[in-house]
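Reading through the structure tokens given below for one structure.
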Amino acid sequence: MLEALLNRSSCREFNTKTIEKDKVELLKKLINSSPTAMNSQDFRAVFVTSKDIKEKFKSYNWDQPHVVDCPLIIVFLTDSTSKFNDVDALIATGLLTAGATELGLSTCIIGGIAQHSDDVINLLKVDNKYKVTMGLCVGYSDAKSSPKEPVNKVL
């Protein structure tokens, strides 16, 4: 797993291959096994494959094509009444990104949907006690795309 993580990069070009059901189920299990503060479990994840919904998400994310091209977007929602909400969702996103990489999948975090939280909540028909933290595009990388290199440096 370490080798996969060290070679991981953000993907903005996905091919059209559908993610196998067993891999989708493993991604769900990874989210459910994510550690949370005081075992509060104050976040939810919604798996989105609808092209119509992804088209709306694209408009919330500066019209970036990978938002529609990826076969799956996982939207992380946090309970707005919890004091641990965003941190737990971020931890789950990190764990999910690592697991997806190990499964041969590529990912790209999309943050624009969080700026349109109310619209996304209505679109997904989710209880309005939740707010959007972020989204994660998941799929198979298009071989012709070039990896995005990290720009942060460890000091």
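State, as an integer percentage, the relative contact order of region 1-135 based on alpha-carbon contacts under 8 Å between residues 6 or more apart. The partial results should precede the final answer.
Values: 192 pairs, mean separation 42.9, N = 135.
Taking the mean separation of contacting Cα pairs over the length of region 1-135, I get 32 percent.
Summing charges over all other residues whose Cβ lies under 13 Å from the Cβ of SER50, with Lys and Arg as +1 and Asp and Glu as -1, gives +3.
For the chain, the cysteines with no partner cysteine C-beta closer than 4.7 Å are CYS11.
Within the chain, the selection of entire DSSP H helices by a Cα span of 24 Å or greater along the long axis and an average Kyte-Doolittle value of at least -1.0 returns 85-102.
Per residue, how large is the accessible surface of region 46-103? Use a 1.4 angstrom probe and give square angstrom.
On the way: 2490 Å² over 58 residues.
Per-residue accessible area for region 46-103 comes out at 43 Å².
Taking the 1.4 Å solvent-accessible surface of region 1-103 as the whole, the part contributed by carbon and sulfur is 54%.
In terms of its alpha-carbon gyration tensor, region 16-100 comes out oblate; a/c meets the 1.5 threshold, while b/c is at least as large as a/b.
The values are calculated or read from the model by the stated rules, or taken from the named source; none is laboratory data. Everything numeric in this text was worked out from a predicted model, so none of it was measured. When we count neighbours, we look across all protein chains shown, and the Cβ atoms used for this are built from the backbone with ideal geometry, even at glycine. For accessibility, only protein heavy atoms count, side chains too; no ligands or nucleic acids. Shrake-Rupley method; radii C 1.70, N 1.55, O 1.52, S 1.80 Å.
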